Structures are given as structure tokens and as C-alpha cells.
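Nothing in this text is a laboratory measurement; each read-out follows from the coordinates by a stated rule. Just so it is clear, the model here is predicted, and its values are computed rather than measured. In this analysis, Cβ positions are derived from the backbone assuming ideal geometry, glycine residues included, and neighbour counts consider all displayed protein chains.
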């Protein structure tokens, strides 16, 4: 969270069973023109939750003749996560999202856990397998009221720490900002490790 907007960042690796399953996974996903999520968890659960979130938020906007606030959108998705998590199944549904965006009241962020819990982000948050490394950087370097430009640099440092030490993180970085000017992808970088002799 920055004084003039929000920064969302993620790596690009999708992994499972100790293997890299995909090198170009999109983990920062726009939900509306002013709301985006970062994702962690089972890819199929995440993909379904993102599709449902986009559809349900758009449907709500049409039904009530106004754009949903970030908190309303987060609450709706948290409810979907809760119902999916509580449904009896052989395979537990695991999708964790951090939702952030801009509405008429300003900039807001929410952590949405797989069990449906919802916690407001007041400064910074991290999720996924690389979070312990990213949080170490964020705890050390985050400053209240930093501008978005500094927030982007800090987000890159945090994701970079995860890329260096977490085997389930890697292959690239995406950084998206949400400001008064709208949503913008400011970094879209693929990292390739190829050894040539």
C-alpha cells in the first residue's frame, strides 16, 4: 500500500510435486478495471475462483446499478472461498488471493485465505510459498506513505528474495500498479536460465 496507489507483484512459476509445471503462469490477475488479485494455491482452484469472481462482481454491478467497492468484492470472493473450502471432497480446495483496488473511498487491499477469512491490508502482505522470504524484505524496508515508484522497487526486491531462495518461485516477475490513473502493468519480465557451453 502506497500513499498514491497500490503495487501488486508476483513471480511466474507454477509448481507441484517438486516439479516446475508452467513457467509463464499469470499470478497478478485483473478482476475489474480497478481491482486485481494476486494468487497462490492449486492452479485449478485459482482459475475457477478468478472466473467466478469476475462474473459475480460484474453481475452484482448490473443488479445494483453501481460499481462494487473493493470491500464488497473481497467479501463476495471470501464467501465463495469459504463455501468451496467447506465442501466435502477427496481433494481440498486451496486458493489464496490478495485483492486490491481503488473505489470511491480510495485504495484498499484484502487478504483472502483458502478458508474464507478476510483481513484488511493496511501496509503490506505476502502469500504463497515464497512469502517468508518476501516478508523479511518487506518488514525491513517498507515505509508508510511511500510513493508508488518506491513501492514498485520494494516489490521487486521482495519477489527477488523469493526467487533466490524458494524452489516453487521463479521464471519471471509481473508488477501491476493501481493509481488514480488506473491499472497498469509496469514490469512484465521473463527470466530464463539457459546454460550454453
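Can you sort 169, 89, 96, 113 from fewest to most other Cβ atoms within 10 Å of each residue's own Cβ? Can you show the working numbers first?
Numbers: 169 25, 89 9, 96 22, 113 19.
The fewest-first ordering by Cβ neighbours comes to 89, 113, 96, 169.
Tell me which label goes with the value of Cα Rg over 2.2 N^0.38 Å computed from the coordinates here: [x] 1.08; [y] 1.53; [z] 1.01. The value computed from this structure is option [z].
Using 0.36 nm per residue, how much length does the chain from residue 26 to residue 71 gain when fully extended, once their Cα-Cα distance is taken away?
On the way: separation 45, 0.36 × 45 = 16.20 nm, distance 2.33 nm.
Gain in length upon complete extension: 13.9 nm.
For the stretch 2-48, rounded, prolate or oblate, judged on the Cα gyration tensor with a ≥ b ≥ c (square roots of eigenvalues), a/c < 1.5 rounded, else prolate if a/b > b/c? Show your work: numbers first, answer last.
Working: a/c = 3.11, a/b = 1.96, b/c = 1.59.
Because a/c hits 1.5 or more and a/b exceeds b/c, the stretch 2-48 counts as prolate.
Each part reduced to its alpha carbon centroid, the stretch 99-134 and the stretch 1-76 end up 11 Å apart.
Note on the chain: with a GNM built from Cα contacts shorter than 10 Å, the maximum mean-square fluctuation among 93, 160, 83 falls on 83. Among 52, 97, 154, the largest mean-square fluctuation in a Gaussian network model of the chain (Cα springs under 10 Å) belongs to 52.
Taking only the Cα atoms of the stretch 69-182, the radius of gyration and Dmax are 15.4, 46 Å.
With the convex hull of the Cα atoms taken as the outline of the stretch 132-197, the averaged projected area works out to 5.7 nm².
Write down the Kirkwood hydrodynamic radius of the stretch 24-108, to one decimal in angstroms, obtained as one divided by the mean of 1/r over all alpha carbon pairs. Mind dumping the intermediate values first?
Numbers: mean 1/r = 0.0751 Å⁻¹.
Kirkwood radius, the stretch 24-108: 13.3 Å.
Among 167, 69, 38, the residue with the largest mean-square fluctuation in a Gaussian network model of the chain, with springs joining Cα atoms closer than 10 Å, is 167. Sorting 50, 77, 43 from the fewest to the most surrounding beta carbons within 10 angstrom yields 43, 50, 77. Rg and Dmax of the stretch 85-146, based on Cα coordinates, read 14.5, 45 Å.
Exposure proxy ranking for 165, 102, 13, based on other Cβ atoms within 10 angstrom of each Cβ and starting from the fewest, stands as 165, 102, 13.
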